[in-house]
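S.K.: Handing you this structure, nothing more for now.
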Amino acid sequence: MTKAKRSSGPTRSRGLTATRRLVVKIGSALLVDEASGTIRRDWLDSLADDVARCRARGQEVLLVSSGAIALGRRHLMPERRSPKLEEKQAAAAAGQILLAHAYQESLARHGITVAQILLTLSDTEERRRHLNARNALQTLLRLGSVPVINENDTVATEEIRFGDNDRLAARVAQMVSADTLVLLSDIDGFYTTDPRRDPGATLIPEVTEITPEIEAMAGQARLGHSSGGMVTKLQAAKIALASGCRMAVTDGTCEHPLAALEEGARCTWFLPSSEPRSARKRWIAGSLNPMGVITVDDGALKALANGKSLLPAGVTAVEGTFERGDAVVVRDRRQREVAHGLSAYAAVDARRIMGHKSHEIETLLGYRGRDEMIHRDDLVLS
Ligand code: GLU
């Protein structure tokens, strides 16, 4: 029995207005005019209007945009139909400038600063780079800008490419604990079969679990400029749902596509069973291999019980060899396990700052790291 529901419900349209942190993926087919190979400026301006409206009501927005290769190809090699990898890399280099410039101009109409981030698969998988990317994205959001993200196509070889921005967008959503991901596509949702070939294809409005039947429905559809069909959208949905992030697939070709989604445009919502915060905490509590032990004093123990972060001042011992971002066990002075968490400092640095006030960190280490040894968002009590 599939867990897909075919009835519409009020929860879906609330998805966007109830969002705190939103990732929107823009497919090449929406942004680049097929005939002229140029950016559809009116459409982009309408998307920028939508983004500005979301931000005006306090929501944070990150954009994952395709289009670099499609744009660059038209400029560098208009005749080339199926470019080789190095030609795609060259096209991406030329196209990315045009792409970033267009976003910068469109969002500047609303006084919004755009920041470009180019990521590869390893940036989202390797712990240290993942942390750096995550910190940079979070800082950009805090400073009020809209990150515009794409794959770093010029340095990604075939083996280490995402290859499609659906999965990249889901990884970004996971990285920043977004609660909503919207894939703006040239198809209005997830269908039982390919709607261009089968008139009997039905749109599934809501999916709460990716069952084998749902996977079988995805087929291998490839649409317009897009490099991913429904298969990559399902892969993105899996990543999103596992991170507690809801995901919508909707047709973004109309102007003001986010407003349209809010007003109940046709779409498929993939709905997770838990919120991003609890999904992340479950992950910290359960699936990690602790690399060290941090022992804390009674004062820190009390602070942790009250939902506070662990500060270096309350740490009395650090055991093990771990890097920044690794999982550690927190114990009290009787060596009872009290929590699991991700250390903001490598073991060597943690030993140097333990027992010290946070304002002394810079003098002790020569750089200014976080005030907390383990931030409360990265901590789960046992
Ligand atoms: N990163 C590619 C580009 O900007 C697009 C990948 C995709 O469309 O999924 O051209």
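The values are calculated or read from the model by the stated rules, or taken from the named source; none is laboratory data. Just so it is clear, the structure is predicted and the values come from calculations on it, not from any experiment. As a convention, Cβ positions derive from the backbone with ideal geometry for all residues, glycine included, and neighbour counts pool all protein chains shown. Keep in mind that these areas ignore ligands, DNA and RNA; they rest on the heavy atoms of the full protein, side chains included. Shrake-Rupley method; radii C 1.70, N 1.55, O 1.52, S 1.80 Å.
S.K.: Dividing the alpha-carbon radius of gyration of region 100-156 by 2.2 N^0.38 Å (N being the number of residues), what value is obtained? The partial results should precede the final answer.
M.R.: Numbers: Rg = 12.5 Å, N = 57, 2.2 N^0.38 = 10.2 Å.
Relative to the 2.2 N^0.38 Å estimate, region 100-156 comes out at 1.22.
S.K.: Taking the alpha-carbon centroid of each part, what is the distance from region 14-65 to region 149-209 in angstrom?
M.R.: 15 Å
S.K.: Shifting gears a bit: Do the sum for the chain: with -39,500 (n - 2.57) for every DSSP H run of n ≥ 4, divided by all residues, what is the mean residue ellipticity at 222 nm, to the nearest 500 deg cm²/dmol?
M.R.: Values: 15 runs with 150 residues, N = 382.
Here the helix-only value at 222 nm equals -11500 deg cm²/dmol.
S.K.: Determine the gain in length on full extension of the stretch ARG352-LEU381; use 0.36 nm per residue of separation and subtract their C-alpha separation, reporting nm with one decimal.
M.R.: Length difference between fully extended and current span is 8.0 nm.
S.K.: Given 10 Å bins starting at zero, what is the percent of C-alpha pairs of region 30-72 in each, up to the one with the largest pair distance?
M.R.: Cα pair-distance distribution for region 30-72, in percent: 27, 45, 23, 6.
S.K.: I've got another one for you. Roughly how many nanometres apart are two label points built 7 Å out from the Cα toward the Cβ at GLN116 and GLU215?
M.R.: Each label point lies 7 Å from its Cα, and together they span 3.8 nm.
S.K.: Hey, another quick one. Stokes-Einstein at 4 °C, 1.567 mPa s, Kirkwood radius from Cα pairs: D for the chain in µm² s⁻¹?
M.R.: Calculated translational D: 58 µm²/s.
S.K.: How much accessible area per residue does region 33-166 have, counting only protein heavy atoms and a probe of 1.4 Å, in square angstrom?
M.R.: It amounts to 46 Å² per residue over region 33-166.
S.K.: Separate question: How much length, in nm to one decimal, is gained on full extension between LEU143 and MET291, taken as 0.36 nm per residue of separation minus their Cα-Cα distance?
M.R.: 50.0 nm
S.K.: Same structure again: Within region 45-190, what whole-number % of the accessible surface is contributed by carbon and sulfur, with the 1.4 Å probe and all protein chains included in the calculation?
M.R.: Carbon-and-sulfur percentage of accessible area, whole number: 50.
S.K.: Find me the longest stretch of the chain that has none of the exposed trypsin sites (Lys or Arg not before Pro), where exposed means in a DSSP loop (not H, G, I, E or B) with at most 10 other Cβ atoms within 10 Å.
M.R.: Between the exposed loop sites, the longest stretch runs 198-333.
S.K.: If you scale each eigenvalue of the Cα gyration tensor by 5 and take the root, what three semi-axes come out for region 86-213, rounded to whole angstrom and sorted largest first?
M.R.: Semi-axes (√(5λ), whole Å): 28, 19, 18.
S.K.: Still on this structure, I have one more. With a ≥ b ≥ c taken as the square roots of the eigenvalues of the C-alpha gyration tensor of region 171-302, please select rounded if a/c is under 1.5 and otherwise prolate if a/b is larger than b/c or oblate if it is not?
M.R.: Numbers: a/c = 2.97, a/b = 2.22, b/c = 1.34.
Taking the square roots of the gyration eigenvalues as a ≥ b ≥ c, region 171-302 is prolate.
S.K.: Let me ask something else. Mind running the shape call on region 145-194? Use the C-alpha gyration tensor, a ≥ b ≥ c as the square roots of the eigenvalues: rounded below 1.5 for a/c, prolate if a/b tops b/c, oblate otherwise.
M.R.: Judged from the Cα gyration tensor, region 145-194 comes out oblate (a/c at least 1.5, b/c at or above a/b).
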